[in-house]
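Quick notes on the structure that follows.
Each reported figure results from applying straightforward, stated rules to the coordinates on display, with no laboratory input. Here the structure is a predicted model, which means the values were calculated and not measured. Neighbour counts are summed over all protein chains in view; Cβ atoms, including those assigned to glycine, are modelled from backbone coordinates with ideal geometry.
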Amino acid sequence: MAAKTKAKPGDNGKLIAENRKARHNYAILETLEAGLVLTGSEVKSLRSGQANIAESYASPEKGEMWLINGAIPPYPQANPAYNHEERRPRKLLLKAKQIEKLKQARERQGMTIVPLRLFFNDRGIAKLQIGVAKGKNVADKRQDSKKRDWERQKARVMKENG
């Protein structure tokens, strides 16, 4: 996904990246907000609005939660010796109970942990909204599409007649 700088209504922070395909491919059952362990050049790159979380996922490993395959491009003004790798695993900051709950949902119920949004909160701290999700099949996606089309058509008729 392309980087976004526009905040959603009700947010005090700045939206950096959003995984729109996640809501299409998965039924999101629960969401959590997690902090990220980042280097200075990663934060600078995020502040310039560059990130991609479309192909990434979260995985519990050794009692910690990690963001795998999230792309934050290197910051061009940073010294090459201190710059970061684009797709390195990044540690997510969650409480132990939350990590255990996510781990159990993934192992027992076959859920997936997908990143939904990457943003700066009102204090200027980078946060990642992750969702516990169950994969949709083709019929579910088709049903959602029909429902969305019906809502659009209904709104159009109401606007014309109202």
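Counting pairs of alpha carbon atoms under 8 Å apart in space and at least six apart in sequence, what relative contact order in percent does the stretch 16-162 give?
Details: 250 pairs, mean separation 45.3, N = 147.
Answer for the stretch 16-162 is 31 percent.
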Nearest-20 debye value, the chain charge dipole, Cβ charges on Lys, Arg, Asp, Glu: 500 debye
Spatially proximal lysines relative to residue 134 (Cα-Cα < 22 Å; intrachain offsets below 8 disregarded): 21, 97, 101, 103, 146, 147
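Could you please report the charge total around residue 83, scoring K, R as +1 and D, E as -1 over all other residues with beta-carbon less than 13 angstrom from its beta-carbon? Display every interim value, and only then the final one.
Details: positive: 44, 88; negative: 42, 85, 86.
That works out to -1.
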Debye intensity ratio I(q)/I(0), log10, the stretch 42-105, q values 0.19, 0.21, 0.25, 0.29 Å⁻¹ (C-alpha model): -0.76, -0.85, -1.01, -1.17
Sorted by Cβ density within 10 Å, fewest first, the residues 144, 122: 122, 144
Hull volume in cubic angstrom per residue (convex hull over the Cα atoms of the chain): 138 Å³
Cross-link reach list, lysines versus residue 44, counting only Cα pairs under 17 Å and skipping chain neighbours closer than eight places: 4, 14, 127
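Summing Lys, Arg as +1 and Asp, Glu as -1, what charge do residues with Cβ under 10 Å from the Cβ of residue 114 carry, residue 114 excluded? Mind showing how you got there, number by number?
On the way: positive: 21, 23; negative: none.
Summing Lys and Arg as +1 and Asp and Glu as -1 gives +2.
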